[in-house]
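J.: One structure is given below, represented as structure tokens, and several questions about it will come after.
The values are calculated or read from the model by the stated rules, or taken from the named source; none is laboratory data. Remember, predicted model here, so these are calculated numbers, not experimental data. Cβ atoms come from the backbone with ideal geometry, glycine included; neighbour counts cover every protein chain shown. Heavy atoms of the whole protein, side chains included, go into the accessibility calculation; ligands, DNA and RNA do not. Shrake-Rupley method; radii C 1.70, N 1.55, O 1.52, S 1.80 Å.
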Amino acid sequence: MIQKHILIVGGTGMLAGVTSCLASEHLVTVIGRDQEKMAKVVRQNPETCHPLVVDYRNEEDLSKGLQESIKRHGPFKQVIAWVHKDSGKAMQLILNHSLHADVLHILGSQTNPEHEKKALNISEHQTYRQVQLGAKQDGDNFRWLTHDEIVHGVIDAIEHSFDYQLLGQLVNKRGMNG
Ligand SMILES: NC(=O)c1ccc[n+]([C@@H]2O[C@H](COP(=O)([O-])OP(=O)(O)OC[C@H]3O[C@@H](n4cnc5c(N)ncnc54)[C@H](OP(=O)(O)O)[C@@H]3O)[C@@H](O)[C@H]2O)c1
């Protein structure tokens, strides 16, 4: 298999399982801020998993870090981006640094996928796809997806080329348990 250079933004939290899975076959650059969480993830695949410790809300640091990563390991062929709302231009900067990539944008339940896509400037050479996190019915209530369910859903979306995939179902906040 040909090794791709993959960027995983937020790959030290709920997506840590995705990072480990992809780093077992590819070169992966992972963005996060917390050194301990990062070290734990990198330790699992020290040869192929490369940390980019940066606050993605800092535009200058993010651009600089992405450029260095591309210089060292080549252009990103795939991007998995879990970027919190209200993070300024972070998602746009990530797109600007992955012009020929398959970009999988992970969205929370409260995000409007169409608005999110419209607000972004997507290059004609990149593929932009979305995975939205929903909730699971648990008896009479709903609960958030577990990390395993999220990891499984994201890996499934990487392997299939849906433009949009909802994991679980969308419910309003009042319907949530916990
Ligand atoms: N269904 C839904 O809509 C939904 C939505 C959101 C969350 N959830 C649930 O709630 C849980 C907690 O959510 P979470 O957002 O804390 O997820 P998380 O994936 O556990 O943590 C966020 C990830 O993004 C990184 N990150 C956050 N802000 C950053 C910044 N400014 N710069 C660089 N990296 C940054 C974090 O690294 P650092 O900590 O090192 O910065 C971490 O890797 C999740 O585990 C999920 O199960 C569900």
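J.: Which one of these is in contact with a Leu (Cβ under 8 Å, 6 or more places away or on another chain) and open to solvent by 30 Å² or more (accessible area, probe 1.4 Å): 159, 116?
T.: 116
J.: Now a separate question. Please go through segment 59-72 and pick out each residue that is more than 18 Å from residue 18 (Cβ to Cβ) and out of contact with any helix residue (DSSP H, G or I) (no Cβ under 9 Å at 6 or more places or on another chain).
T.: Residues satisfying the conditions are 60, 61, 64, 65, 67, 68, 70, 71, 72.
J.: Examine segment 162-173 for a residue that is surrounded by 11 or more Cβ atoms within 10 Å (Cβ to Cβ), in a loop (DSSP other than H, G, I, E, B), in contact with a strand residue (DSSP E or B) (Cβ under 6 Å, 6 or more places away or on another chain) and not basic (Lys, Arg), and state whether such a residue exists.
T.: Yes, segment 162-173 contains a residue that is surrounded by 11 or more Cβ atoms within 10 Å (Cβ to Cβ), in a loop (DSSP other than H, G, I, E, B), in contact with a strand residue (DSSP E or B) (Cβ under 6 Å, 6 or more places away or on another chain) and not basic (Lys, Arg).
J.: Report, by residue number, each residue of segment 2-36 that is open to solvent by 10 Å² or more (accessible area, probe 1.4 Å), in a helix (DSSP H, G or I) and closer than 22 Å to residue 93 by Cβ.
T.: 22 - this is the single residue of segment 2-36 that is open to solvent by 10 Å² or more (accessible area, probe 1.4 Å), in a helix (DSSP H, G or I) and closer than 22 Å to residue 93 by Cβ.
J.: Return the pairs, sorted by first residue and then second, in which the second residue is in a helix (DSSP H, G or I), the first residue lies in segment 36-65 and is of a type in the set (Phe, Trp, Tyr), the beta carbons are less than 6 Å apart, and the residues are 6+ apart or on different chains.
T.: If the second residue must be in a helix (DSSP H, G or I), the pairs left are 56/62; 56/90.
J.: A further question on this structure: Which numbered condition trips up residue 109, out of (1) among the small types (Gly, Ala, Ser); (2) at pLDDT 95 or above; (3) under 28 Å from residue 160 (Cα atoms)?
T.: In the conditions (1) among the small types (Gly, Ala, Ser); (2) at pLDDT 95 or above; (3) under 28 Å from residue 160 (Cα atoms), residue 109 misses (2) alone.
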